[in-house]
Amino acid sequence: MVESVRASAEAAGARAITRVTLRIGALSGVVEHALRFGYEIVTRDTPLAGAALEIVTLPAVVACASCGTTSTLDGIQNLTCPACGAPAPRLIQGKELEISGIEIEVDEQPLAA
Ligand SMILES: [Zn+2]
């Protein structure tokens, strides 16, 4: 992941990376504080060192085959349709682990990537 951020930043002519935004789904199995801790370690001595890490958590969203309702789940313990109670509706959001934005600094002026 660090490598892909670094590659994109270099391609854009970045001098420094100031901020990285990640989107993680509620069901991705990623624990935010563990991710932050790991991020600090893997970015040490790289152009990402010191870049702010912004984490956006996406709630689990399910689509129910029985009643056709799309619902956002409050919790992830109970994977049933909140509208009709059918078990195991199809998950349409919640497993993400992706880089959604990188802010870089170039020689002329800051640029949002
Ligand atoms: Zn339903």
Mean ellipticity per residue at 222 nm, deg cm²/dmol - from DSSP H runs of n ≥ 4 across the chain, formula -39500 (n - 2.57): -6000 deg cm²/dmol
Positive-end extreme of charge dipole, the chain - chosen from TYR39, PRO82, LEU27 (charges on Cβ): PRO82
How much net charge surrounds ALA63 when only other residues with a Cβ under 15 Å from its Cβ are counted (Lys, Arg +1; Asp, Glu -1)? +2
Normalised by the empirical 2.2 N^0.38 Å for globular proteins, what value does the Cα Rg of the chain take? 1.36
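Say R0 is 22 Å: what FRET efficiency, to the nearest 0.05, do ALA49 and GLU10 get from their beta-carbon distance? Write down the numbers at each step before the final one.
Values: r = 15 Å, r/R0 = 0.68.
With a Förster radius of 22 Å, E is 0.90.
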On a 0 to 90° scale, report how tilted helix 32-43 is relative to the longest principal axis of the chain, with both axes built from alpha carbons and the result rounded to the nearest 10. 30
Keeping all protein chains in position, work out how much accessible area LEU79 exposes to a 1.4 Å probe, and write it in Å² to the nearest 10. 80
Degrees, to the nearest 10: 2-11 long Cα axis against longest axis of the chain: 50
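The values are calculated or read from the model by the stated rules, or taken from the named source; none is laboratory data. Nothing here was measured: the structure is a model prediction, and the numbers come from that model. Note that each Cβ is placed from the backbone with ideal geometry, even for glycine, and that neighbours are counted across all protein chains shown. All accessible areas refer to the heavy atoms of the entire protein, side chains included, with ligands and DNA or RNA removed. Shrake-Rupley method; radii C 1.70, N 1.55, O 1.52, S 1.80 Å.
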